[in-house]
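Asks: Just passing along the structure, written as structure tokens.
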Amino acid sequence: MSLKVGLSTVAGICLLGLAACSAPQEATNDSASDKFADVDTQRIIDASPAAEWLSYGGGYDEKRHSSLTQINRETVSTLGVAWTYDLATNRGVEATPIVVDRTMYVTSAWSHVYALDAATGAELWTYDPAVDKSVGVKACCDVVNRGVAVYEGKVFVGVIDGRLEALDAKTGAVVWSKVTVDQSKPYTITGAPRVVDGLVLIGNGGAELGVRGYLSAYNAETGDLVWRFYTVPNPEKQPDGAASDAAFQSVGNITWGDEGAWVTDGGGGTVWDSIVYDAPNQQIIFGVGNGSPWNQKVRDPAGGDNLFLSSIVAVDVKTGTYKWHFQTTPGDNWDYTATQSIILAELPLGENGANRRVVMQAPKNGFFYVLDAETGEFLSGTPFVPMNWAQGLDENGRPIEIADARYGEVPYLQLPGPVGAHNWQPMAFNPEEKLAYIPAHEIPQAYSFDPRWAIKPTKWNTGTDFSAEIPLDIPPGVMKFIRASHKGRLIAWDPISQAPRWIVEHKNAWNGGVLSTAGGLVFQGTMEGDFTAYNAANGDKIWSHALKSGAASGPGTYEIDGEQYVTITTGWGSLYSLVAGYDYDVKVSPTVGKVVTFKLGANGTIPAADFIPIDRSVKAERFGTDQQIQDGLVHFSRNCMVCHGPFAISSGVLPDLRWSDYSGNADAWQAVVHEGVLSDAGMIGFGDLLSVEEVEAIRAYVVAQAHNTLDQEAAASR
Ligand code: CA
């Protein structure tokens with residue numbers, strides 16, 4: 001039995017979504033400030049970390065460490081629910097709320113923005129950018145959004161369709177709106193903008209589908225583009241008239257060959273998450289994503305380092321001019337993004353123990369890096385999870401690769417996989433304990449070359465094979481076996497000794513972002529819905545509360561009228577739930593996405609989600625030959641799995657096709673899957689990629705899976 005590729009977890013996408021607004025609680029309290037987002041760069045520098053949460057990572061250094069101490073190891077036992085707010089979505093929620101001038105600004109799926117009274121949860125305004133839902137298929141990992149930035153009375157949001165918008169912080173009215181990408185290409189924006197000295201910084205995503213990445217700086221007042229730094233050269237390796245031109249002439253161009261899919265497909269390198277402002281060095285430091293396609297043999301057969309893929313890059317804040325880079329994964333071949341949290345801190349790593357300003361990152365490739373912030377010099381790098389793609393790093397921080405990891409048609413079961421040793425869930429750093437808190441994953445993936453690979457514009461297109469050797473009849477227990485190979489843990493990592501100080505093992509792999517506080521606590525959620533406070537020094541579990549929903553986003557904390565609050569956004573969806581949520585007991589519900597806010601002595605309750613029952617009955621008799629069903633499996637795995645789940649088992653976030661009414665009617669199935677009649681709801685047609693016969697083969701497979709599921713369940717209950 002060969003289940004190698006069946007063990008894969010894969011990275012995911014998707015479709016269909018709901019979002020509306022609701023208004024809970026009483027009206028805003030009358031002592032509320034008449035200021036809204038009255039923030040400039042100096043206020044963010046002066047304030048952080050303190051009573052508010054003024055930027056995505058809690059401050060420009062993005063430590064996610066608050067100096068607030070009212071909620072601490074002694075008092076946390078009385079922490080209870082102060083208020084909740086319904087984000088009205090069943091899709092992934094990844095936002096960290098911004099709190100400023102008593103107002104909370106938070107986002108949800110489809111780039112919706114909400115302004116709430118931060119003390120009561122009362123709704124002040126909501127904003128729906130009215131995204132065409134058919135763009136959902138461009139999103140590798142659900143139609144998520146990680147939050148806004150605020151500056152001088154405006155709220156800035158990156159919209160999933162590639163817009164960057166400035167909203168009036170008091171009213172939510174659109175002040176300006178700019179399209180930051182070529183919308184004919186599969187770009188998306190899921191990350192939070194940052195604002196520095198009047199510049200709004202925003203990147204994008206899309207490297208699973210084929211785009212060329214870059215970071216842009218827009219004028220906060222006018223929305224005019226000020227500078228742009230590309231992370232991959234253009235196919236001619238000629239100047240773009242952009243801030244990155246000199247960097248490609250000096251170090252970038254020679255690391256790319258002249259042929260391969262990168263020439264037509266963009267090459268990847270999207271800047272989809274970490275962007276930090278290093279004020280002392282007047283530079284922006286950002287993380288760059290994976291190559292596109294993943295497989296370097298098809299992306300760039302010449303096999304160079306492919307700068308600036310999978311790199312940490314520093315540029316001048318005013319001009320975007322290149323200053324330094326450090327590439328974590330030369331010649332990326334595995335979706336090893338270096339977009340994960342970047343944290344700036346002072347560590348005693350200078351001469352005679354003097355403090356040195358450093359950059360810390362725990363990217364997907366599994367090494368924890370410490371770099372000099374001013375120069376990018378590699379100081380140290382150590383595996384924080386088990387790995388079998390590299391034996392270690394050389395003196396310059398370059399990975400010493402294990403040859404088999406550059407896979408061919410024979411699958412190589414690898415750790416970490418494309419989900420990473422660490423993904424978007426934010427890491428935190430406690431400067432007193434000098435510990436970084438990493439939400440780490442151990443999720444293997446069998447990588448292999450896809451011999452049928454061909455360019456598929458605007459669709460998933462990694463050059464790796466998600467479908468080879470999957471057996472038609474999945475033996476009972478295999479899904480449990482796969483899941484048992486997925487592990488997750490919270491690691492308190494000492495970046496000076498480069499070793500863990502303590503570790504909390506989680507029940508399931510996908511664990512949430514982290515908040516550190518001077519109260520000696522570390523807060524973290526899990527997808528099972530536990531929200532827990534640990535002792536920052538030793539990892540002892542001190543307090544926990546059930547959220548009745550998944551929680552993967554970064555929690556925050558703030559103080560109003562002398563009371564400290566802790567807040568977290570909840571929901572299912574996002575990458576892991578879509579592709580591997582099948583045993584999280586995720587059910588269909590339009591009301592699982594919420595903001596949940598706690599304070600001491602409160603005893604509110606979190607409303608239970610409204611679940612929609614699923615009719616788990618087969619909608620057609622088995623049909624098709626074994627070959628037809630096997631073909632259907634291959635086409636399903638290549639085109640449908642990243643949204644609707646491996647083996648056609650959905651997490652419930654997006655429709656489970658086994659129980660879909662459309663599966664019972666060949667014409668209706670063709671209308672949806674081939675013609676795209678549900679594209680307004682997010683399910684585009686695949687007629688440009690799949691023939692009528694292939695679409696029907698997928699139906700035969702899905703129907704067979706429905707029968708197989710019920711047969712296996714019946715057998716198990718006997
Ligand atoms: Ca990726």
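Asks: Per q in 0.15 Å⁻¹, report the Debye log10 I(q)/I(0) for region 28-145, using one uniform scatterer on each alpha carbon and no solvent.
Replies: -0.83
Asks: Under the 0.36 nm per residue contour assumption, what length would be gained going from the current alpha-carbon distance of residue 282 and residue 81 to full extension?
Replies: Values: separation 201, 0.36 × 201 = 72.36 nm, distance 4.06 nm.
Extra length available between residue 282 and residue 81 comes to 68.3 nm.
Asks: Which percent of Cα-Cα pairs in region 293-384 sits in each 5 Å bin, short to long?
Replies: 3, 14, 20, 22, 17, 13, 7, 3, 1, 0
Asks: For the pair residue 499/residue 615, report the inter-label distance in nm, with labels modelled 7 Å from Cα in the Cβ direction.
Replies: Simple spin-label model gives 6.1 nm for this pair.
Asks: Can you give the accessible area per residue of region 650-711, in Å², using a 1.4 Å probe? Don't jump to the answer; show the numbers that get you there.
Replies: Working: 2210 Å² over 62 residues.
Result: 36 Å² per residue.
Asks: What whole-number value in cubic angstrom gives the convex hull volume per residue for the C-alpha atoms of region 249-322? Write down the numbers at each step before the final one.
Replies: Working: hull volume 6.6 nm³, N = 74.
Here the figure is 90 Å³ per residue.
Asks: Could I ask something else about it? So how much slack lies between residue 240 and residue 717, counting 0.36 nm per residue of separation and subtracting their Cα-Cα distance, in nm? It would help to have the intermediate numbers written out before the result.
Replies: Working: separation 477, 0.36 × 477 = 171.72 nm, distance 6.40 nm.
Using 0.36 nm per residue and subtracting the Cα-Cα distance, I get 165.3 nm.
Asks: For residue 318, list the lysines whose Cα falls under 26 Å from its own Cα; do not include residues on the same chain fewer than 8 positions away.
Replies: List returned: 63, 154, 178, 237.
Asks: Can you give the local net charge around residue 628? Use residues other than it whose beta-carbon is closer than 13 angstrom to its beta-carbon, Lys and Arg +1, Asp and Glu -1. Please list the in-between numbers first.
Replies: On the way: positive: 622, 699; negative: 626, 631, 693, 694, 696.
Overall, the nearby charge balance is -3.
Asks: With every protein chain kept in place and ligands, DNA and RNA left out, what is the accessible area per residue of region 112-269? Probe 1.4 Å, answer in Å². Please list the in-between numbers first.
Replies: Details: 4570 Å² over 158 residues.
The answer is 29 Å² per residue.
Asks: Send over the semi-axes of the chain's equivalent ellipsoid, whole angstrom and largest first, taken as the square roots of 5 times the C-alpha gyration tensor eigenvalues.
Replies: Numbers: eigenvalues 263, 186, 125 Å².
Each semi-axis is the square root of five times an eigenvalue, giving 36, 30, 25 Å.
Asks: So which lysines can residue 548 reach, going by Cα to Cα under 24 Å and dropping same-chain residues fewer than 8 places off?
Replies: In chain and number order, the partners are 480, 487, 507, 587, 594, 599.
Asks: Could you look at the chain and say what percent of its accessible area is carbon and sulfur, using a 1.4 Å probe and all protein chains? Show your work: numbers first, answer last.
Replies: Values: 11790 of 23000 Å².
That share works out to 51 percent.
Asks: Of the GluC sites (Glu not before Pro) in region 315-421, which ones lie in a loop per DSSP and count no more than 12 other C-beta atoms within 10 Å?
Replies: On the way: sites: 346, 351, 374, 377, 395, 401, 409; in loops: 374, 377, 395, 409.
Sites meeting the loop and neighbour criteria: 395, 409.
Asks: Is the shape of region 209-260 rounded, prolate or oblate, going by the alpha carbon gyration tensor and its root eigenvalues a ≥ b ≥ c, with a/c under 1.5 for rounded and a/b larger than b/c for prolate? Could the numbers behind the result be given before it?
Replies: Numbers: a/c = 3.18, a/b = 1.90, b/c = 1.68.
Prolate, because a/c is 1.5 or more and a/b exceeds b/c.
Asks: Please report, in debye to the nearest 20, how large the charge dipole of region 359-419 is about its Cα centre when each Lys and Arg carries +1 at its beta carbon and each Asp and Glu carries -1 there. Before the final figure, lay out the partial values.
Replies: Numbers: 3 positive and 8 negative charges, 52 e Å.
Taking the Cα centre of region 359-419 as origin, the dipole is about 260 debye.
Asks: Can you give the accessible area of residue 322, probe radius 1.4 Å, in Å² rounded to 10?
Replies: 60
The values are calculated or read from the model by the stated rules, or taken from the named source; none is laboratory data. Only a predicted model underlies this, so the values are computations on that prediction, with no experimental measurement involved. Note: ideal-geometry Cβ built from the backbone for every residue, glycine included; neighbour counts use all protein chains shown. Each accessible area value is taken on the protein alone, full model and side chains, heavy atoms only, with ligands, DNA and RNA left out. Shrake-Rupley method; radii C 1.70, N 1.55, O 1.52, S 1.80 Å.
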